[in-house]
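Every number in this text was worked out from the coordinates using simple rules, so none of it is lab data. These numbers come from a predicted model, not from an experiment. Don't worry about glycine lacking a Cβ; one is built from the backbone with ideal geometry, like all the others, and counts go over all protein chains shown.
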Amino acid sequence: MSFIALITLVVDDYDKAIAFYTGPLGFELVEDTDRGDGSRWVVVRPPGSGGAGTGLLLGRAKDSAQRASVGAQTGGRVGFFLHTEDFARDRARMLAAGVRFVQEPRDEPYGTVAVFEDLYGNLWDLLQPA
């Protein structure tokens, strides 16, 4: 069976990114390994994924082209979809932690959804499937 294990998210600073994803979003830090050349292998995953879900590889921008992509990797579209079993609980927790929601919750045929920004302005759906 094939599956997507990791998706790279370009960030400006490892520690700031780890703090955001493990703090306000509640992700688990799966790995943080120094690669010896100033870079690190940093992987975070949503809580409860048990290592089986897709993780984010937080890659620090190395040059001006990569720095320009921080926060704009999907061209302003929602690019990430965080599923939840309890939309109200998780949205309340995220709001209390300072996460900025750019759209109010709405009910769609596929579930309850609201769009939020990560630390860099990337857009995410918080989604409780129907």
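Can you pull the three principal axis extents for the Cα set of the chain, in Å, largest first?
For the chain, the Cα spread along each principal axis is 47, 32, 31 Å.
Work out the charge dipole of the chain with +1 on the Cβ of Lys and Arg and -1 on the Cβ of Asp and Glu about the Cα centre, then indicate which of Thr33, Ser64, Thr22 is farthest towards its positive end.
Projecting each Cα onto the dipole axis, the largest value belongs to Ser64.
Label points 7 Å out from Cα along the Cβ direction at Ile4 and Asp107: separation in nm?
If labels sit at Ile4 and Asp107, their model points lie 3.0 nm apart.
Given the alpha-carbon gyration tensor of the range 14-65, what are the semi-axes of its equivalent ellipsoid in whole angstrom, ordered largest first, with each equal to the square root of 5 times an eigenvalue? Let's see the in-between values first.
Values: eigenvalues 86, 30, 19 Å².
Its equivalent ellipsoid spans semi-axes of 21, 12, 10 Å.
Hey, got a sec? Which GluC sites (Glu not before Pro) in the range 1-96 land in a DSSP loop and have at most 14 other Cβ atoms within 10 Å? Mind dumping the intermediate values first?
Values: sites: Glu28, Glu31, Glu85; in loops: Glu85.
Answer by residue number: Glu85.
With +1 on each Lys and Arg Cβ and -1 on each Asp and Glu Cβ, how big is the dipole of the chain about its Cα centre, in debye rounded to the nearest 20?
Values: 13 positive and 18 negative charges, 34 e Å.
With only Lys, Arg, Asp and Glu charged at Cβ, the dipole is about 160 debye.
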